[in-house]
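See structure below.
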Amino acid sequence: MDFIAKVEDNQRSNIQEIAQSLEKMGIKVKQILRIPGVITGSSRRMPLAQLKIKGIQSVERDRHLRASGGR
């Protein structure tokens, strides 16, 4: 399952270390967006609640939206 994790504002300077902690848990980190304080990634087996480690404010499922061309 793909996810988006929002880093706590006061932890943005530690975003790289937080992403490394997620990777040590077996999470595939896809993007680290330093300015907005967001980490995206995927986890096949771990529930979202377990991804809310120290420094993470919130975690939610990444919902991929697709535009459909209808007439």
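Read-outs: derived from the displayed coordinates by stated rules, not from any lab. Everything quoted here is computed from the prediction, not taken from an experiment. Note that each Cβ is placed from the backbone with ideal geometry, even for glycine, and that neighbours are counted across all protein chains shown.
Looking across region 32-42, the residues that are β-branched (Val, Ile, Thr) and assigned to a strand (DSSP E or B) come down to Ile32, Val38, Ile39, Thr40.
Yes/no per residue for (1) of a type in the set (D, E, K, R); (2) in a helix (DSSP H, G or I); (3) free of Cβ contacts under 8 Å to residues at least 40 places away in the same chain; (4) on the phi < 0 side of the Ramachandran plot:
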{"site": "Gln11", "(1), (2), (3), (4)": "no, yes, no, yes"}
{"site": "Leu22", "(1), (2), (3), (4)": "no, yes, yes, yes"}
{"site": "Lys30", "(1), (2), (3), (4)": "yes, no, yes, yes"}
{"site": "Ala49", "(1), (2), (3), (4)": "no, yes, yes, yes"}
{"site": "Val59", "(1), (2), (3), (4)": "no, no, no, yes"}
